[in-house]
Amino acid sequence: MKNKILSILLSAVVAFGLWLYVITVVNPESEKTYYDIPVVLQNKEILAERGLMVVSDTPTVTLVLKGNRTTLNDLNEANINVITNVAYIEGRGTHRLTYDISFPGNVSGNEIAVQSSSTDSITLEVENKINKIIPVVVEDGDTSVPQGFIASAPQLDKTSIEISGPEPVMDKITQAVIGIDLSDQTKTLVGEYQYSLCDQNGSPVDAEKVSTNTEKINMLVKIERLKNIALDLEVVYGGGATEENTTVNISQTTLQVSGSDTLLEKMDSLDLGTVNLAEIAEDTTLTIPITLPEGVTNQTGVEQVTVEIKFNKLVKKEFKVSTITPVNVPAGMKVELVTKSLRVIMRGTERQIRKLESGNISVTVDFTGAQVGAVTINGTITVSSDFAGVGAVGIYPITATVSN
């Protein structure tokens with residue numbers, strides 16, 4: 001019984017060896033199918049020179065090849081080339097072209113036979129190729145930044161792009177649209193943004209066959225906080241001008257500005273300077289420029305403030321004053337006045353000016369901190385207490401010599 005089993009096993013081994021010998025030595029040829037080999041379009045540059053381009057998807061061919069089993073195993077869909085020459089195409093439309101098959105260098109064409117293929121020709125759709133330049137447009141839909149903030153106009157590194165593609169598609173494309181949502185934005189937007197090729201209504205166009213000179217656009221949208229600040233102008237009354245008899249109208253008392261939280265946190269007002277009415281003789285209109293710190297933007301758009309000054313029922317009169325008194329002369333020094341008298345313009349109500357005399361007016365000159373030599377110091381004009389509502393208009397320099 002044991003010998004019988006051994007005989008059966010030996011027969012099986014011999015039979016398998018004979019079969020293996022037949023398929024590998026006696027009859028080595030076999031068939032193999034290679035699926036969906038992409039077709040190589042040869043001489044596409046010639047097509048481009050004619051203003052044409054292929055718009056159909058890359059065609060594929062499935063081949064059934066016959067040859068030595070070892071050779072067939074060396075082949076695959078990546079190293080088998082199916083080539084068609086598009087140089088024969090001279091216009092748009094549907095074209096059917098023949099193709100050639102080539103194998104890698106270590107495989108001879110004589111070793112392989114094409115048993116069958118999925119198609120005998122290659123079908124290509126060809127269109128005119130169009131080049132044009134379109135604008136880049138930024139759309140924020142129906143949204144805006146949150147209340148209390150403001151967004152600047154987008155700044156783009158490219159305001160237009162170049163595109164090329166098949167004529168039917170290119171006729172539809174009129175703009176490159178970047179869509180942004182500002183509804184929750186409180187910080188500046190900066191970076192690269194993808195765009196969509198759209199028609200004139202802003203609807204995206206299927207642009208799979210369209211090429212562009214750039215994939216993304218660099219964009220900056222500054223988003224800053226808004227704040228209303230006061231415009232402060234200090235008015236110093238004098239020269240007979242008081243709040244009761246003088247009208248001072250300021251054209252702008254507030255300003256809307258924008259900037260970072262850091263800049264605006266402590267900025268509640270802007271100092272426009274000082275207007276000293278004692279230095280202004282007549283009704284006048286002053287123009288004061290608005291100068292903001294760097295980084296703060298004027299959103300109101302007003303670049304200057306107009307100040308109208310009117311002295312109501314005040315009159316002026318000139319007096320010659322010879323009473324000039326030095327005060328606060330430094331110890332060990334003496335003063336000799338070069339200016340012996342002044343012509344001073346006094347302003348007040350008509351009743352007071354009519355009664356005022358030169359003797360009621362005096363000039364003092366403060367020499368605090370004076371140094372030896374010739375000096376010029378502005379004098380201070382005072383009147384007797386009976387004329388409290390009268391004041392001098394203008395600046396009155398006094399020249400003197402200071403010596404030890």
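Provide a single number: the residues in the stretch 101-115 that are hydroxyl-bearing (Ser, Thr, Tyr) and part of a strand (DSSP E or B). Full working, then the answer.
In the first step, residues of the stretch 101-115 are kept if they are hydroxyl-bearing (Ser, Thr, Tyr); the result is 102, 108.
Retained after the next criterion (residues that are part of a strand (DSSP E or B)): 102.
The qualifying residues number 1.
Selection of strands (runs of 3 or more DSSP E) fully inside the stretch 223-281 by the criterion of at least 1 residues being over 30 Å from residue 313 (Cβ atoms) and touching a residue at least 24 places away in the same chain (Cβ under 8 Å) returns 223-236, 254-259, 269-276. Would it be correct to say that residue 286 is of a type outside the set (Val, Ile, Thr), assigned to a strand (DSSP E or B) and touching a strand residue (DSSP E or B) at 6+ places or on another chain (Cβ under 7 Å)? Yes, satisfied.
The residues of the stretch 77-86 that are under 22 Å from residue 106 (Cβ atoms) and assigned to a strand (DSSP E or B), listed by number, are 81, 82, 83. Scanning the stretch 51-76 for residues that are part of a loop (DSSP other than H, G, I, E, B) and surrounded by 15 or more Cβ atoms within 10 Å (Cβ to Cβ) returns 55, 59, 75. The combined condition, being of a type in the set (S, T, N, Q) and either within 19 Å of residue 365 (Cβ to Cβ) or in contact with a Leu (Cβ under 6 Å, 6 or more places away or on another chain) (or both), is fulfilled by residue 322.
Would you say residue 288 is modelled with pLDDT of 95 or more and more than 40 Å from the chain's Cα centre (by Cα)? For residue 288, the condition - modelled with pLDDT of 95 or more and more than 40 Å from the chain's Cα centre (by Cα) - is not met.
The requirement of being among the hydroxyl-bearing types (Ser, Thr, Tyr) and within 30 Å of residue 260 (Cα to Cα) is fulfilled nowhere in the stretch 198-214; no residue meets it. Being under 48 Å from the mean Cα position of the chain (by Cα), assigned to a loop (DSSP other than H, G, I, E, B) and of a type in the set (Ser, Thr, Tyr): is that true of residue 119 here? The answer is no for residue 119. Is it the case that the stretch 51-74 has a residue that's of a type in the set (A, V, I, L, M), over 20 Å from residue 119 (Cβ atoms) and in contact (Cβ under 8 Å) with a residue 60 or more places away in the chain? Yes, there is a match, as at least one residue in the stretch 51-74 is of a type in the set (A, V, I, L, M), over 20 Å from residue 119 (Cβ atoms) and in contact (Cβ under 8 Å) with a residue 60 or more places away in the chain. Being loosely packed, with under 12 Cβ neighbours inside 10 Å and under 30 Å from residue 288 (Cα atoms) holds for only one residue in 340, 313, and it is 313. Here the stretch 323-354 is the region considered, the condition is being of a type in the set (D, E, K, R) and not in a loop (DSSP other than H, G, I, E, B), and the residue that is farthest from residue 262 (Cα to Cα) is 354. Listed by first and then second residue, the pairs linking a residue in the stretch 128-152 that is within 26 Å of residue 162 (Cα to Cα) and modelled with pLDDT of 90 or more to a residue that is among the acidic types (Asp, Glu) and in a strand (DSSP E or B), with Cβ atoms under 6 Å apart and 6 or more places separating them unless they lie on different chains, are 133/162.
Conditions tested, residue by residue: (1) among the aliphatic types (A, V, I, L, M); (2) at pLDDT 95 or above.
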| site | (1), (2) |
| --- | --- |
| 35 | no, yes |
| 53 | yes, yes |
| 61 | yes, yes |
| 67 | no, no |
| 99 | no, yes |
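Select from the stretch 359-389 the residues that are touching a Ser or Thr at 6+ places or on another chain (Cβ under 8 Å), surrounded by 15 or more Cβ atoms within 10 Å (Cβ to Cβ) and outside any strand (DSSP E or B) and write down the one among them that is modelled with the lowest pLDDT. This residue is 389. Restrict the check to the stretch 295-314 and report whether at least one residue is in a strand (DSSP E or B), β-branched (Val, Ile, Thr) and either over 40 Å from the mean Cα position of the chain (by Cα) or under 30 Å from residue 366 (Cα atoms) (or both). Yes; the residues of the stretch 295-314 include at least one that is in a strand (DSSP E or B), β-branched (Val, Ile, Thr) and either over 40 Å from the mean Cα position of the chain (by Cα) or under 30 Å from residue 366 (Cα atoms) (or both).
Assigned to a loop (DSSP other than H, G, I, E, B), surrounded by fewer than 15 Cβ atoms within 10 Å (Cβ to Cβ) and of a type in the set (D, E, K, R): is that true of residue 320 in this structure?
It is false that residue 320 is assigned to a loop (DSSP other than H, G, I, E, B), surrounded by fewer than 15 Cβ atoms within 10 Å (Cβ to Cβ) and of a type in the set (D, E, K, R).
The values are calculated or read from the model by the stated rules, or taken from the named source; none is laboratory data. What you see is a predicted model, and the numbers here were worked out from it, not measured in a lab. A quick note on method: Cβ atoms are made from the backbone with ideal geometry, for glycine too, and the neighbour counts reach across all protein chains shown.
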